[in-house]
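What follows is one structure encoded as structure tokens, with my remarks underneath.
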Amino acid sequence: MPVEPLSRTEIESRLAELPGWTLDGDRLTRAYRLDSHIAAAAMVVHVARVQDELDHHSDLTLGYHTVSLSVHTHSAGGAVTEKDLELARRVEALAPAHGAH
């Protein structure tokens with residue numbers, strides 16, 4: 001079943017429920033700050049597991065004390081879809097357990 005792109009208005013409305021997430025061009029993005037590099041690395045592993053569960057993968061970057069994500073849906077022509085918002089929701093749900101802010 002094809003995934004439909006969301007309108008900019010719908011994306012912006014839905015982002016109100018996801019503090020820290022922004023629409024940057026054609027992608028949803030978010031950066032998290034953590035207390036240590038090990039905590040950041042653990043969060044990356046947890047996010048990778050969620051991405052595999054959803055079969056939807058972001059550009060995921062591990063920094064010294066940071067984790068950054070950037071995501072859109074390739075099968076929808078690089079547009080933002082419900083799949084991207086679901087990934088963002090799942091990441092937001094797991095972030096506090098890693099001390100991410």
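The values are calculated or read from the model by the stated rules, or taken from the named source; none is laboratory data. All of these numbers come straight from a predicted model, not from anything done at the bench. Positions of Cβ are backbone-derived with ideal geometry, glycine not excepted, and every protein chain shown enters the neighbour counts. Accessible surface areas use protein heavy atoms only, side chains included; no ligands, DNA or RNA. Shrake-Rupley method; radii C 1.70, N 1.55, O 1.52, S 1.80 Å.
Key figures for this structure:
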read-out	value
Residues within region 1-16 that are touching a Leu at 6+ places or on another chain (Cβ under 9 Å) and closer than 27 Å to Gly99 by Cα, tallied	4
Count of residues meeting criterion [in a helix (DSSP H, G or I), closer than 16 Å to Arg89 by Cβ and open to solvent by 80 Å² or more (accessible area, probe 1.4 Å)] in region 15-42	0
Selection status of Arg30, modelled with pLDDT of 95 or more, touching a helix residue (DSSP H, G or I) at 6+ places or on another chain (Cβ under 9 Å) and of a type in the set (D, E, K, R)	yes
Per-region count, region 43-60, residues surrounded by 13 or more Cβ atoms within 10 Å (Cβ to Cβ) and either modelled with pLDDT under 95 or farther than 15 Å from Ala93 by Cα (or both)	4
Lone qualifier among Glu92, Glu12 - being out of contact with any Asp or Glu (no Cβ under 6 Å at 6 or more places or on another chain) and open to solvent by 80 Å² or more (accessible area, probe 1.4 Å)	Glu12
Residue within region 10-25 that is touching a Ser or Thr at 6+ places or on another chain (Cβ under 8 Å), at negative phi and charged (D, E, K, R) present	yes
Residue match in region 64-81 (condition: open to solvent by less than 80 Å² (accessible area, probe 1.4 Å), at negative phi, out of contact with any Ser or Thr (no Cβ under 8 Å at 6 or more places or on another chain) and assigned to a strand (DSSP E or B))	yes
Residue check, Glu92 among the acidic types (Asp, Glu), out of contact with any helix residue (DSSP H, G or I) (no Cβ under 7 Å at 6 or more places or on another chain) and in contact (Cβ under 8 Å) with a residue 40 or more places away in the chain	yes
